[in-house]
Amino acid sequence: MALTQLDSNTALIIVDLQKGILGARFLHTIDEVVTRARALADKFRALGLPVVLVNVTGTAPGRTEQPPRQAAPAPAGWTDFIPELNQQPDDIVVTKRTWGAFANTHLEAQLRARRVTQVVVAGVATGTGVESTARQAYEQGFNVTLAVDAMTDLRPEAHRYSIANVFPRLGETGTSAEIIDLLGNRSA
């Protein structure tokens, strides 16, 4: 389904655009993703709509077949948001320890308190942090939009699979420019 509308009270969720990911070999350059996420954040802020910045500090407990990617302690500043996002005092900050931003965090309560009915999701990685956050938002009853040009992944196949097969089942997809254009035409 193509992007059709944005609710009057829509929030932007930017997932894991933090200093610790700089230098990773993503499918798309991180500069492109950050530039588009920043354009979205600037527009949301200008309209007085919530912007959520999510960072990750670890992994969920539990046994897995593959060890976590980062076995050593994270270096200082690893969880700091990329400065180009221009973090503002009114931004909602969520620190997570799982792939999705809603599990074991205050995010849902923060959005409900602001009467948010829809979320736009961007960030990294498409097939893990972004997809898990979108799934959780959908499961909590939010309308979901995915800014497909403001996300990337280390694994090209995961990025393509999420965009082509998962995201259309969770909500609507569009480019950051399309989302910015629709922000002025939100429905009640």
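Tabulated data
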| read-out | value |
| --- | --- |
| Accessible solvent surface per residue of the stretch 6-51, calculated while the other protein chains remain in place, 1.4 angstrom probe, Å² | 41 |
| Assigned charges on the beta-carbon of Lys, Arg, Asp, Glu; the chain dipole about Cα centre (debye) | 380 |
| Residues with amide H under 5 Å from that of Lys96, placed H, sequence gap 5 or more | Asn55, Val56, Thr57 |
| Under DSSP loop assignment and at most 13 Cβ neighbours within 10 Å, longest trypsin sites (Lys or Arg not before Pro)-free interval of the chain | 116-188 |
| Cα gyration tensor, the stretch 75-136 - rounded (a/c under 1.5), prolate or oblate | oblate |
| Ellipticity estimate at 222 nm from DSSP helix runs (n ≥ 4, -39,500 (n - 2.57)) divided over the chain, nearest 500 | -7500 deg cm²/dmol |
| Alpha carbon centroid spacing (whole Å) that separates the stretch 140-188 from the stretch 1-54 | 10 |
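The values are calculated or read from the model by the stated rules, or taken from the named source; none is laboratory data. Only a predicted model underlies this, so the values are computations on that prediction, with no experimental measurement involved. Because the Cβ atoms are built from the backbone with ideal geometry, glycine has one as well, and the counts that use them run over all protein chains shown. Only protein heavy atoms, including side chains, enter the accessible area calculation; ligands, DNA and RNA are left aside. Shrake-Rupley method; radii C 1.70, N 1.55, O 1.52, S 1.80 Å.
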